Amino acid sequence: MKLKHYFLLLAAAIVLLAVVALLGTFRAYPRLFYFTEVGSVLLLAYLGYFYRKTIRPYDTLIGGMELVRDLDLTTRLAPSGQHETDVIVRTFNELLTRLRREHLQLEEQYSFLTLLIEASPMGIVQCNLDGDITSMNPAAREMLSPNIEEAMRKLALDEVTTVRQTGAPQLFRISHLSFPDRGYQHPFYLIEALTAEVHQAEKAAYERIIRMIAHEVNNSVAGIIGSLPEEESGRLLALSKFVTRFAEVVKLPQPQMQLCDLSEEVEACQPFLENLCFAANVRLDLCLTDEAIPVRLDTVLFQQVLINIVKNAVESISESGVQGLITITSTPSQLVVTDNGKGIEPSVSPHLFTPFFSTKPQGQGLGLLLIRDILSAHHCVFSLLTSPDDHLTRFTIQFPAL
């Protein structure tokens, strides 16, 4: 029970006592009646003074506690008119002002941190104490794939690993970190895209190697090819052409971007694609949307990419020995080339788009490398995967939004 309730009970008891004294002594003892009434009035006056000095400050402090409990940091306590109580009121109001200032500062910092996480190009995946994912930013949603999630589950706290996305050239560094909150270490994952840096380093390395090999081989071949028998000179010419193809990859020009219609560019390349398919008895279907799909690309380099993709699909179908079908589908900002060839083994998929990697006995590993460099220069997102459901292989190209 609150203190003011005791005060009200005491006041009621005094009033009741005064009434009983009035009724009991009015006739028999008139003088005692007056003394009793005067004592009751004085006692009530003292209770009023006691209420003003004790109960009102008490209620003021209780009201302040309720403001803090309800997180109402805008309301302030009114002065009570008593020096001791007003000292407490001023201190309490200063405390509320400081709490409000710190609360606003924390809210601003939290809002800034939220915006920073949402706009960050790095993927941030937050987890609870059990390791279950609770939230992630947009970059993480785009980066996540089954093999990246598997690598995250295997990663211990404070460890770092590098993962290549299945069927795509993207390379990611995953860090398993934690931050303290309320006495506990909350885990989270930081996913960084390393594709551009790694590709640049790879290209610089194989450019130096190719230039050196081309220089040595061509100089040596030019000096002795005329003095050798026809069979030996043919081998040297084949070696020279092989090195020349490597050099062409190094000399890939920068794309001359222009605004084009994606479907029209595919149709312009259709005769070349049909010749590739006809020679291998493969049917080619174009499922192009009637709507215009504006994209920015280099038409010459894009046709080279499309021809290389269809050529690889034709070779895959030839190895499988099935009735071949290649379908090219266009949707807004996306192009998909589908074939029913032998498909890509799961063990091979992580190595796709790696320089000079090939599964063919006479392969040079240049086709996908050329496709990778051209599409990366166009800022496209692309992948090459065989679906476990329908066993179809799809090369998907996502063009950047205009």
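The values are calculated or read from the model by the stated rules, or taken from the named source; none is laboratory data. As the structure is a computational prediction, the values presented were derived from the model and not from experiment. Every residue, glycine as well, gets a Cβ built from its backbone with ideal geometry; the counts of neighbours run over all protein chains shown. To get the accessible areas, we keep the full protein, side chains included, count just its heavy atoms, and leave off ligands, DNA and RNA. Shrake-Rupley method; radii C 1.70, N 1.55, O 1.52, S 1.80 Å.
Tabulated values for the structure
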read-out	value
Net +/- balance of residues flanking Leu284 in space, Cβ distance below 11 Å, scoring K and R +1, D and E -1	-2
Shape of the stretch 250-315, Cα gyration tensor, a/c cut at 1.5	oblate
Global geometry of the stretch 330-402, whether rounded, prolate or oblate, following the gyration tensor of its Cα atoms and the 1.5 cut on a/c	oblate
Accessible surface of the stretch 75-162, 1.4 Å probe, proportion on carbon and sulfur as whole %	56 percent
Exposure ranking of Tyr184, Tyr189 by accessible area [1.4 Å probe, largest first]	Tyr184, Tyr189
Dipole moment magnitude, nearest 20 debye, the stretch 245-392 about Cα centre, only Lys, Arg, Asp, Glu C-beta charged	620 debye
